[in-house]
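> Here it is, the structure in full.
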Amino acid sequence: MNKLIECVPNFSEGNDKEILDSIAEAISSTKGVTLLNVDPGKATNRTVMTFVGSPEEVIDAAFYAIKVASEKIDMSKHKGEHPRFGATDVCPLIPISNVTFDELVPYAEKLGKRVAKELKIPVYLYEHAAKNKERKNLANVRSGEYEGLKKKLTKKTWKPDFGTTVFNKKSGALAIGVRDFLIAYNINLNTKSTRLANAIAFDVREKGRIKRKGHPVIGDIVYDNKGNPSTIPGSLKHVKAIGWYIEEFGISQISMNLTNINQTPIHVVFDEVSKKAEKRGARVTGSEIVGLIPLKPMLDAGKYFLKKQNRSVGIPEIDIISIAIESLGLNQVKKFIPEKNIIEYYLESLFDDKKKIIELKASEFSDEVARESPAPGGGSVSAYVGALGSSLGEMVANLSANKRGWEERVEKFSSIANQIDEIRKDLLFLVDEDSNSFDRIMSSFKLPNNSEEEKKIRLKAIYDSSIYAAEVPLRVMNRSYDCYELIFELAKNGNQNSISDAGVACLCIHAAIYGAYLNVKINLKDISNDQGILKKANQIIKKSAFERDKIISFIEEVI
């Protein structure tokens, strides 16, 4: 897979559609770049745009967008709630796949040099690209905002990393950085009070609030031994926050940047803000994710709230996401659409031009198998039968976890359901992968076969693709077999009203294993060196019959 990075520039314009369309066009028209999201804010007069591509392509698109913004946005006339000091205020580069922070720094520097040279905009580097500790924090770099920039540029300590100290009245300055995935997250309150929203923001943000004697707002500031204002830290690490009133929604929000969602997950932030708001007589009514969010924090949030409700977490992924959306109130001010707001889902829809078999309706899948094309065939059907068997097992686990009077057993059956769900997802992936492996074989047979070198390459490709085509059904056998122990546990100790479903699950699993076994054998029939694949398949098929008979005999005796 190629290097893939994300860029999330913030532009100091949130109302003029013509300007925003021009900037978006500059990004989307750059070859190799995909514009994922445009998120304007009227009250903040600020727009966040998100796009992805290779590092070289992304910095080209970023430059073109910055250029358009410099031409169309006049900072001397700009007003908005959000801190800012430039027409393009910040431009972070974020590694997505096959690229590190260190590898991205030269790209940030290359973009900074070009912006300073061609557009005459002072550029500061921040986060991982920063040249010194004082410039790591974006808040420090942007301190004084646009109104204080002219004076700031005269200070030796704030000489730009690229460009001159000449004040650019129209475009201001720009911060370019390399950072981890940051979530811009707003929490909504049942108040219009900016002061109250700020007070809650100070309660939770890592920086906290300035320490004062007497009155917490107008009291004298307490200074430390070095003459700097002392602070009272907030309750959450890796959280930056301020409070503001959003006229567009008629509510106050706590606007946050979550800079390390592994250490401080979104659901922890939501609950903590809810507690602090309640102490101050306010109530959280919902929240808003600006731009895109990775899948993991949404799944973590959904499972967190399910556990709080003493419910099973072993349910389909989309159901977990739905719980997260409802629990976080993500639909209050704007509709949260997983296919557009979760980065993995969005990228999948953009880059997977071939429709997956598992995305077909059940009747469409049946139709597709029935056609005279050889794929999808028995291998895909075997994987799907295994997925259906595991789905039944997961159903029994969830019925057991949510059975009235079994509240103390929720964790046990939730764990079983979660384990089966992982197997189910793997088998669903293998439905398509079996068909893909057949396509690889067909492609290898179509390779040139004229010269001795071409024949050698072709034979090697045929061998490799045939081995892989046998490995896929072997994986179906292995993952399906992993279900037996879990199904037997459910048959013995799960909800006995569903014991027949456990029996059907068991039979599906054996059918999947035997069907996949036949596909292993046929894919290896012309292979002399099968790398031990058939031996492994024979071992599983022998054990499978034993496990099937054991579980079915037990179930029939109970029934």
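Any read-out appearing in this document is the output of simple, stated calculations on the displayed coordinates, not a laboratory observation. Everything numeric here is computed off the predicted structure, so don't read it as measured data. FYI the Cβ positions are ideal-geometry reconstructions off the backbone, even for glycines, and counts take in every protein chain you see.
> What distance in nm separates the simple spin-label points at LYS334 and LYS455, each placed 7 Å from Cα in the Cβ direction?
6.3 nm
> While we're on this one: Once the other residues with Cβ under 15 Å from the Cβ of GLU454 are scored (Lys, Arg +1; Asp, Glu -1), what is the net sum? Walk me through the numbers on the way to the answer.
Values: positive: LYS446, LYS455, LYS456, ARG458, LYS460; negative: GLU452, GLU453.
Summing Lys and Arg as +1 and Asp and Glu as -1 gives +3.
> At 7 Å along the Cα-to-beta-carbon direction for both ASP220 and GLU317, put a label point, then send me their distance in nm to one decimal.
Inter-label distance under the simple model: 6.0 nm.
> Rounded if a/c is under 1.5, else prolate if a/b is larger than b/c, else oblate: which is the range 174-253, with a ≥ b ≥ c the root eigenvalues of its Cα gyration tensor?
Numbers: a/c = 2.35, a/b = 1.23, b/c = 1.91.
Cα axes put the range 174-253 in the oblate bin.
> Between GLU134 and THR231, what is the label-to-label distance in nm when each label sits 7 Å out along the Cα-to-Cβ direction?
Computed distance between label sites GLU134 and THR231 equals 1.7 nm.
> Within the set of other residues whose C-beta is less than 12 Å from the C-beta of ILE342, count the net charge using Lys and Arg as +1 and Asp and Glu as -1.
Working: positive: LYS296, LYS340; negative: GLU317, GLU339, GLU344, GLU348.
Overall, the nearby charge balance is -2.
> Now for a different question. For ILE187, ILE559, ILE73, which order do you get if you count the other beta carbons within 10 Å of each Cβ and list the fewest first? Working shown, then result.
Numbers: ILE187 28, ILE559 9, ILE73 22.
Going from sparsest to densest Cβ surroundings: ILE559, ILE73, ILE187.
> Sticking with this structure for a sec: State the three equivalent ellipsoid semi-axes of the range 183-348, derived from the C-alpha gyration tensor as the square roots of 5 times its eigenvalues, in descending order and whole Å.
Values: eigenvalues 201, 56, 42 Å².
In descending order the semi-axes read 32, 17, 15 Å.
> Given axes a ≥ b ≥ c from the Cα gyration tensor, I'd like to know whether the chain is rounded (a/c under 1.5), prolate (a/b larger than b/c) or oblate.
Since a/c reaches 1.5 but b/c is at least a/b, the shape of the chain is classed as oblate.
> I've got another one for you. How would you order 254-261, 96-103 from highest to lowest mean count of nearby Cβ atoms within 10 Å?
Details: 254-261: 21.8, 96-103: 13.6.
Descending packing order for the listed peptides: 254-261, 96-103.
> Step by step: find N for the range 157-197, compute 2.2 N^0.38 Å, then divide the Cα radius of gyration by it. What's the final number?
Numbers: Rg = 17.6 Å, N = 41, 2.2 N^0.38 = 9.0 Å.
The range 157-197 yields a ratio of 1.95.
> In deg cm²/dmol and to the nearest 500, what is the mean residue ellipticity at 222 nm of the chain if only DSSP H runs of at least 4 residues count, each as -39500 (n - 2.57), divided by the residue total? Present the calculation step by step, with values, prior to reporting the outcome.
Working: 18 runs with 282 residues, N = 559.
Taken over the chain, the calculation gives -16500 deg cm²/dmol.
> Going 7 Å from the Cα of SER97 in the Cα-to-Cβ direction, what parts of the range 286-329 have a backbone nitrogen less than 17 Å from that spot?
Backbone N within reach: 293-296.
> Between GLU364 and SER553, what is 0.36 nm times their sequence separation minus the Cα-Cα distance? Round to one decimal in nm.
Details: separation 189, 0.36 × 189 = 68.04 nm, distance 3.55 nm.
Full extension from GLU364 to SER553 adds 64.5 nm.
> Apply the membrane-span-like helix rule to the chain: whole DSSP H runs, Cα extent along the own long axis of at least 30 Å, mean Kyte-Doolittle hydropathy at least -0.5. List the helices found.
Values: long enough: 378-401 (34 Å, 0.78); 410-445 (52 Å, -0.21); 452-481 (44 Å, -0.58); 499-523 (36 Å, 1.05); 533-558 (38 Å, -0.09).
Result, helices passing both filters: 378-401, 410-445, 499-523, 533-558.
> Rounded to the nearest 0.05, what FRET efficiency is calculated for ASN529 and GLU372 with R0 set to 51 Å and r the Cβ-Cβ distance?
Values: r = 33 Å, r/R0 = 0.64.
Step by step, r from the Cβ atoms, then E = 0.95.
> Need one number: the % of Cα-Cα pairs in the range 354-558 sitting beyond the 30 Å mark.
Here the long-distance tail beyond 30 Å is 30 percent of all Cα pairs in the range 354-558.
> Give, in nm to one decimal, the length gained when the segment between GLU344 and LYS31 is fully stretched (0.36 nm per residue of separation minus the Cα-Cα distance). Walk me through the numbers on the way to the answer.
Working: separation 313, 0.36 × 313 = 112.68 nm, distance 2.12 nm.
Using 0.36 nm per residue and subtracting the Cα-Cα distance, I get 110.6 nm.
> Next question. For the range 64-126, state which trypsin sites (Lys or Arg not before Pro) are in a DSSP loop and have at most 16 other beta carbons lying within 10 Å of their beta carbon. Mind showing how you got there, number by number?
Details: sites: LYS67, LYS72, LYS77, LYS79, ARG84, LYS110, LYS113, ARG114, LYS117, LYS120; in loops: LYS79, ARG84, LYS120.
Within the range 64-126, the qualifying trypsin sites (Lys or Arg not before Pro) (loop, at most 16 other Cβ atoms within 10 Å) are LYS79, LYS120.
> Based on alpha-carbon centroids, what's the gap between the range 164-210 and the range 1-69 in Å, whole number please?
After rounding, the separation between the Cα centres reads 20 Å.
> Rounded, prolate or oblate: which fits the range 4-178, taking a ≥ b ≥ c as square roots of the Cα gyration tensor eigenvalues, rounded meaning a/c under 1.5, else prolate when a/b beats b/c?
Details: a/c = 1.66, a/b = 1.10, b/c = 1.51.
Since a/c reaches 1.5 but b/c is at least a/b, the shape of the range 4-178 is classed as oblate.
> Counting only the backbone N, which residues of the range 518-555 are under 13 Å from the spot 7 Å out from the Cα of TYR463 toward its beta-carbon?
So the set is 527-531.
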